[in-house]
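Worksheet for the structure shown next.
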Amino acid sequence: MRLVPQRIQAVAVRQAAAARRAASANAGGSAAAIGSATDADDGSPATPAPLPPLPRSPARGARARVHRLPEAHLRADDGGDGVPRWMRKSAGWSWRILVVIALISLLVWATARIQLVFVAVFLGLVITAVLRPLVNVFAKVMPRGLATALGLLSALAFVGGLLTYVITSVTGQWESLSEQFSTGIAQLFALAENLPFGLTITEDQVSEWLEQGQAWLQENQSALLDRAAAGAGSVFEVFAALALAIFCTVFFLARGNEMWKWFLNQLPAKVREKWMLAGGVGWYTFSGYARGTVIIALVDGFLAAIILLIAGVPLAAPLAVLVFIGAFIPLVGAPAAMIIAMVVALAVNGPVNAILVGIGIALIGQFEGHILQPLVMGKQVSLHPLVVALAVTAGTLVAGILGAVIVIPIVAVIWAVYAKLRNLDPPMEDLEPDAKAMEP
């Protein structure tokens, strides 16, 4: 019985040798056929042609074949330097991220070098976003240029009237305010002498602090004068930025569409559609934020003026304007204006009135966050409060108060453009996997 496999193997070897001989004989098959035909013509016996090899019987089993992995797979997993594939991918992402950070840093540096121009263009876009609906209404009954001039004059008249009212109210209440302020300071000193936990602040201590302050002013007089001169230069820059912003606003309102079309025509034809889509989404978000912020600031200032007038706080109009200005700085502007209004109420009318004023302005903040912003802005600007807080902090560290003002619309526009151009996959329904799905 043991000789059966050996016999089968010997038979297989002989059949393989016969197959090789048959293959070599096939190469001269045509010549052999011609020779056999010739022999047949001569009368000699013809040589028979070789028979084709018989097909392999299924009973003999299948031939063994070696399966190899594709070469591309081997090349993808092994770069020839022994570095794993995940490390090469991480390195690729790392240098790309570094390039993006370098470009952003270069952009921030270049913007800081031309800060006045950047601020002027930004203010021009804000004014354009606010006045564009009004100018469009005027343009229906008059030429576009005349409608632009009329819209700008209306805005200047509104701002001038507001400033005139504030200055008039301050000058009319200054004498009575000084008397009330002196009385309030005396009351605060009386309260400071009987603080809890055994703390006291006497008039002698306050006088000593005032003397120390005067001595410090005399010692640092030259440095303060230098800062005042630098402040005068800053004031000149502010007026220059306002003038340039108004100049830009005129062209944005009168020829904004033509300027945008000209810019699109300078781009390659294959990218114009994406740029047009991104520009439309960005302007929709920016204009919605600008108009919504102005409307919310006006409502906050009006409500603050009503609360301050009811509470009997002097300088209600200037404090309301301060609340209006503070509303343009997200998260920190309105609380800062609230603190100043509370200090004035504390110095003039006492702590109870100051607490009432603080509660009233806090209610205004809640009304703004939960009703005004969703109603006015809607979905044009949808940023998480955590993103707003981080962006305001970063903008303040980079460019001070100016950075805190302009960072939110910039972040909102960038996110809106990215959300419009990206290809979003279907969202996940559950963050935690189902226990039944994990069972084997």
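If each residue of separation counts as 0.36 nm, what is the full-extension length gain between R85 and L103 once their alpha-carbon separation is subtracted? Write down the numbers at each step before the final one.
Numbers: separation 18, 0.36 × 18 = 6.48 nm, distance 2.77 nm.
Full extension from R85 to L103 adds 3.7 nm.
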If you plug each phi of segment 387-394 into the Karplus form 6.51 cos²θ - 1.76 cosθ + 1.60 with θ = phi - 60°, what whole-Hz ³J(HN,Hα) values come out, in order, with x for Gly and Pro? 5, 4, 5, 5, 5, 5, 5, 5
Given R₀ = 25 Å, FRET efficiency for W95-K261 by Cβ-Cβ distance, to 0.05? 0.10
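Under the classification rounded if a/c is under 1.5, otherwise prolate if a/b is larger than b/c and oblate if not, where does segment 235-300 fall, given a ≥ b ≥ c as square roots of the Cα gyration tensor eigenvalues? Don't skip to the answer; put the middle values down first.
On the way: a/c = 2.95, a/b = 1.49, b/c = 1.98.
It is oblate, given that a/c is not under 1.5 and a/b is not larger than b/c.
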I need the peptides 339-348, 308-317 ranked by packing, meaning the mean over residues of other C-beta atoms within 10 angstrom, with the highest value on top. 339-348, 308-317
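Which peptide among 244-250, 318-324 comes first, and what is the full order, when sorted by highest mean count of other Cβ atoms within 10 Å?
Per-residue mean Cβ counts within 10 Å order the peptides as 318-324, 244-250.
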So for segment 317-361, Kirkwood radius off the Cα pairs, Stokes-Einstein at 37 °C and 0.692 mPa s: how many µm² s⁻¹? 316 µm²/s
What's the extension gain from A112 to Q373 if we count 0.36 nm per residue and subtract their Cα-Cα distance? 90.8 nm
Could you sort the peptides 160-167, 116-123 by per-residue average Cβ neighbour count (10 Å cutoff), highest mean leading? 116-123, 160-167
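Since every read-out is calculated from the coordinates, none of them should be taken as a lab result. Because the structure is a prediction, the values reported are computed rather than measured. Every residue, glycine among them, receives a Cβ derived from its backbone with ideal geometry; neighbour counts consider all protein chains shown.
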